[in-house]
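Data first, discussion second: the structure below is written as C-alpha cells.
The values are calculated or read from the model by the stated rules, or taken from the named source; none is laboratory data. Keep in mind it's a predicted model, so treat the numbers as computed, not measured. Ideal geometry is used to build each Cβ from the backbone, glycine not excepted, and the neighbour counts take in all protein chains shown. For accessibility, only protein heavy atoms count, side chains too; no ligands or nucleic acids. Shrake-Rupley method; radii C 1.70, N 1.55, O 1.52, S 1.80 Å.
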Amino acid sequence: MDRIDFRLKLLVIGLSVFFGVVFLRILYLQTNASAIALKETIGQAFEYRTLEINSERGNIYDRQGYLLAGNSVSYTVSLKLQASNSHGEFIANYLAPILNMDHDVIKKSAEIKFDEKKAVEMPLTNFATKEQIEKIDQVKSFLSQREVSKIESKSKAMEDLDSVVYYPNIHRYYPNKDLASNVIGFFPFLNPSAGASYGIEQEYDDILSGHSIEHLFSLDPNIPDTIPDMPKGASIVLTIDRKVQSIVEESIKEAVVNNKAKSGTIIISNPKTGEIMAMATYPRIDPNEYWKSSEVFTKDNRFNPAVMQPYEVGSVFKVITLAAGIDAGVIKPETIFNDTGTYNIMGVSIYNWDRGAWGPQTMIGCMQHSLNTCLSWISEQIGVERFYKYLDAFGLNQPTGIELAHEEYYPISKPGDKYWTPINLPTNSFGQGIMSTPIQMITAVNALANGGKMMKPHIVKAIYFDDHTEITQPEVIGQPISAETAKTVTEMLATSLEVEASDSLMEYTRIAGKTGTGEIAKEGVGYVLSVTNASFVGWGPVDDPQFVTYVWLQEPLVNIWGSEVSAPLFSEVMTKVYPYLHLPTDRQLACIYTEKCPSKDSDEYYYW
Amino acid sequence: MKTIQSAYRLAPWRKQVQNILNVIIVLVFIASVTMIYLYSSAQMTKMKLEIQKLHEERSNLTRMIADYLTREGQITSFDEMEKRSQQAGYIPIDMNDEETYTYLPIAGFREDNYSGLDNVPRNLSIPVSIVKPEYTESLQRWLKEHVSIKKRGE
C-alpha cells in the first residue's frame with residue numbers, strides 16, 4: 001500500500017513538473033520579443049491587407065461656377081492571359097468594334113504567353129467608357145447563355161470573354177479643353193505619382209489632392225472595420241470669367257498667327273482688387289493631352305509666359321519712370337525737355353527709337369513720341385538711389401506672389417552689383433537692360449490706376465474645403481506713389497495716347513496707356529530692331545479706372561511695332577469684353593447720370 | 001461478531017446521476033458558449049460583408065457623382081454652349097453697338113466679393129458612420145482604459 005502511495009505521489013509530482021514546464025514555456029512564448037515579432041509578421045502577412053485609399057481630387061471652377069477641371073470615370077480593360085491564350089482571334093472579334101481598337105493589337109495582346117511571374121494580365125485601354133463596358137457585359141452575358149451544339153462543345157465550348165476584366169478609375173478631365181489651360185496647369189492622370197504640373201494644379205496640388213492613406217484591413221471577420229471617411233480635396237474658384245477668357249484667347253491666337261509671333265499674352269485685371277479677370281496666352285495645349293506640352297513649350301516659350309517669362313518690356317516701362325519722376329517732384333506735366341536726338345553718358349550716346357530729334361517737348365510730348373532721351377534725362381533727375389527705390393516699391397524686383405506655380409522674376413541690377421554701370425540708369429528708364437514679367441508690369445501699373453495703391457494680384461477667388469470656405473480678400477501690398485501722382489500720370493498718358501497710338505483708343509471710353517517696342521538682344525550682335533517684343537499697357541476709364549490690360553506679342557515678324565500690333569489688339573479685345581466685365585462706357589454713364597445723353601460724335605461724354 | 005456496515009451520505013446511484021448531470025451541465029454550458037460565439041461571429045461576418053458592400057456602393061456613388069458633375073461641365077462647356085446657342089438661332093451681339101445693351105442704376109447696390117460664389121457646387125461628401133469603439137475593443141482593453149481614466153481622474 002505504501003508503495004502504491006509513493007508511486008502515486010511520484011506521478012503527481014511528475015505531472016505537476018510537466019505542466020509547470022509547459023506553463024512556463026507558454027509564458028515565455030507569450031512574452032518573448034522575437035516570438036511576438038514573429039507573430040506580428042505572420043499576422044501582417046496573413047491576417048491583414050493594406051489598401052491605399054485616395055480621396056477624389058478637388059474641382060476647379062471659373063468665377064461664375066463653370067467647371068474648368070473635374071474628375072471623370074473611365075475603365076481599364078484588361079485580359080487575364082491564362083484564360084485569353086489561344087483565344088486571341090475570338091476575343092479580338094468581339095472587343096475590337098466595342099473598344100474601337102485595332103483587331104490585331106487585341107489579338108496579339110491576348111496571345112502574350114502567360115507566365116505566373118512575368119505576364120499575368122495585359123491592359124488594353126485605360127479609358128474605356130461606361131457605355132463600352134455595358135456592351136462588353138452584354139456580350140459576356142450573351143455568350144454565357146448561348147446554346148452550344150455537341151460538335152461545338154468539343155472544340156469551342158471554352159471560348160468566351162471571361163478573360164476580359166475591367167476596373168473603374170477616376171481621372172482628371174478638363175471639359176473646356178484648352179480654355180485657360182495656361183492658368184489651370186494639368187494633372188498627369190496616366191502617371192499620377194508624378195504630381196501636377198504648372199498653374200493652379202501644381203500650386204495647390206496639396207489641397208486639391210486631398211488625403212491619401214494606407215489602411216490596414218483585418219481579414220478576421222471578428223474584427224469589424226470601416227473604410228475611413230476620406231473627404232474630397234478642396235475645390236478652387238478662380239477670378240477669371242470663362243467668357244472673357246475665351247474672347248481674349250481667341251483674339252490673342254489670331255494676333256499671334258497673323259503676325260507670325262512666337263507667343264502672345266494678354267492679362268486683364270481689376271486694379272481696385274487685384275483680381276485677374278483673364279490671363280490668356282498662345283500657344284496653349286489641351287490639358288486632356290498634357291503629354292504634348294514638351295512638344296509645344298521651350299525655354300524661350302514657356303507654359304505660361306504671363307508669369308514665367310521675364311522680358312525686356314521696352315517703352316511700356318516709361319510709365320514707371322514717368323510716375324517716379326512726377327512723384328519725386330523732379331518733373332511736372334508742363335516741364336520742358338529739349339530733345340537734341342541724343343543723350344550722352346560716359347561717352348555712350350542714347351538715341352530715340354527713330355534716331356530723330358524732336359526739339360522742346362513737354363513731358364506729355366515725351367510720352368507721345370516715346371523719347372528715350374527724355375526718359376534718360378528724367379531718370380537722371382530722379383537720381384540713381386531714388387530711381388531703384390521706386391522700382392522696388394513698384395514690386396519689380398520680386399515675384400508678385402500670384403497663386404500660379406513657377407512664377408519667375410529677374411533681379412534688377414543695382415549700383416554696387418557686379419554688372420551695374422552708370423549706363424544702366426538711363427537704359428533702365430526706358431525698359432532696356434531690365435526684365436519683368438507681364439504680371440509684374442500689370443501689378444505695378446495697377447498702382448497708377450488705383451490712386452497709388454498697389455494691390456496683390458490674385459487669381460483664386462475662393463477655396464472650398466470640406467468644412468469651411470476661404471475667400472481671398474483684396475490686399476494692398478504697397479503705395480509706391482501718391483494718389484495725386486497716379487491721377488496726374490493717368491491724365492498725361494490719356495492725352496499722350498491720343499497722339500501716340502490712336503489705334504488703341506476705345507469708342508465711348510477714355511483710356512490711358514503706353515505702347516512699347518522692346519528690341520531683343522541677340523548673342524554676339526547686341527540689340528537688333530528686326531526682332532522685338534511688342535507690348536501695350538492700357539487702363540480706364542480715366543475718371544475711375546476699372547481695368548488694366550497688358551498685351552505682349554513675342555517677336556512678331558509681320559509688324560514689329562507695339563503701337564501697330566499690340567495697341568490695336570488692346571482696343572479690339574477691350575471693346576469685345578467690356579460688356580462682359582459689366583462696365584458701362586463713359587457715354588452710357590453720362591446717359592444714366594446726366595439729363596442730356598451726349599451724342600455719339602461728341603467728346604463731352606468723357607466728362608460725365 | 002462485529003459487523004462492518006458501509007454508510008454513504010448519498011446512495012452510489014445518486015452520486016453517479018449527480019456526476020452525469022454535472023458533466024451534462026458543463027457540456028451544455030460549453031455548447032451554449034460555443035453557440036453564442038458562433039452566432040456572434042456569424043453576425044459579425046455578416047456585418048463586415050455588409051460594410052464592404054456599402055463601401056463598394058459608396059465608392060460607386062462617389063465616382064458617379066464626380067462623373068455626372070464633369071458630364072454637366074462638359075455639356076455646359078463654352079464650346080458646347082456656343083454650338084447649341086447657334087443651333088437655337090442666337091447670334092452674337094455687336095459689341096461695337098452700345099445701343100444693344102444698357103445699364104440701369106440701382107441705388108445702394110454694390111457688388112461684393114462674394115458674388116458668383118453661390119453658383120459653385122459645394123463638395124459633396126457622403127457621410128460615413130464610424131464603427132463605435134465598443135464594437136472593436138476587447139474587454140481587457142476597455143478595462144485598462146477605464147481604469148487608467150479613473151486613476152487619472154483621482
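How many percent of the accessible area of the range A:1-132 is carbon or sulfur, using a 1.4 Å probe? Spell out each step's value before the answer.
Working: 5330 of 8700 Å².
Of the solvent-accessible surface of the range A:1-132, carbon and sulfur hold 61 percent.
Averaged over the residues of A:65-77, the number of partner chain Cβ atoms lying within 10 Å of the residue Cβ comes to 5. Taking the C-alpha atoms only, the angle from helix A:242-258 to the longest principal axis of chain A is near 70 degrees. If one takes the longest principal axis of the Cα atoms in chain A, at what angle in degrees, from 0 to 90 and to the nearest 10, does the Cα axis of helix A:130-145 lie? The helix A:130-145 is inclined about 20 degrees to chain A.
Shielding of peptide B:48-56 by partners, expressed as the average count of other chain Cβ atoms within 10 Å per residue Cβ, is 3.
Length gained on full extension, B:VAL17 to B:GLU50, computed as 0.36 nm times the residue gap minus the Cα-Cα distance: 7.1 nm. Database remark: amide H of A:ILE350 closer than 5 angstrom to the amide H of A:TYR343, A:ASN344, A:ILE345 (H placed geometrically; neighbours at sequence offset of 5 or more, or on other chains; Pro and chain starts carry no H).
Taking a ≥ b ≥ c as the square roots of the eigenvalues of the alpha carbon gyration tensor, the range A:449-608 is oblate, as a/c is not under 1.5 and a/b does not beat b/c. With a Förster radius of 56 Å applied to the beta-carbon distance between A:ASN32 and B:ASP79, the computed FRET efficiency rounds to 0.20.
Which FRET efficiency, nearest 0.05, do A:PHE23 and A:ASP115 yield, Cβ-Cβ r, R0 35 Å?
Numbers: r = 51 Å, r/R0 = 1.46.
Using R0 = 35 Å, I get an efficiency of 0.10.
With the simple model of a label 7 Å out from the Cα in the direction of the Cβ, A:GLU89 to B:ALA42 spans 5.3 nm.
Report the B-A buried area as the accessible area lost on both sides summed, probe 1.4 Å, in Å² to the nearest 100. The partial results should precede the final answer.
On the way: alone 16050 and 30360 Å², together 41460 Å².
For chain B against chain A, roughly 5000 Å² becomes buried.
When DSSP beta bridges are restricted to pairs lying wholly in chain A, around 95% turn out antiparallel. Residue-wise HN-Hα couplings along the range A:554-562, as the Karplus relation 6.51 cos²θ - 1.76 cosθ + 1.60 with θ = phi - 60° gives them from phi, are 8, 6, x, 9, 6, 9, 8, 8, x Hz; Gly and Pro carry x. Residues whose amide H lies under 5 Å from that of A:VAL313, counting only those 5 or more places away or on a different chain, are A:SER436; hydrogens are built 1.01 Å from N in the peptide plane.
Where does each of A:339-351, A:536-548 land if you order them by average Cβ count within 10 Å, highest first? Let's see the in-between values first.
Details: A:339-351: 14.3, A:536-548: 23.6.
For the peptides A:339-351, A:536-548, the packing ranking is A:536-548, A:339-351.
Averaged over peptide A:455-461, the number of partner chain Cβ atoms lying within 10 Å of each residue's Cβ comes to 1.
Relative contact order for chain A using alpha-carbon pairs under 8 Å, separation at least 6, rounded to a whole percent?
Relative contact order for chain A comes out at 14 percent.
So, R0 is 35 Å and r is the distance between the beta-carbons of B:LEU143 and A:GLU214; what FRET efficiency does that work out to, to 0.05?
On the way: r = 31 Å, r/R0 = 0.88.
Taking R0 as 35 Å, the efficiency between B:LEU143 and A:GLU214 is 0.70.
Helix A:372-382 and the long axis of chain A differ in direction by around 80°, with both axes built from C-alpha atoms.
The relative contact order of the range A:3-106, computed from alpha carbon pairs under 8 Å that lie at least 6 residues apart in sequence, is 9 percent. Residues of the range B:70-86 that bury at least 30 Å² of accessible area when the other protein chains are present, relative to the chain alone (probe 1.4 Å, heavy atoms, ligands and nucleic acids excluded): B:THR70, B:ARG71, B:GLY73, B:GLN74, B:THR76, B:SER77, B:PHE78.
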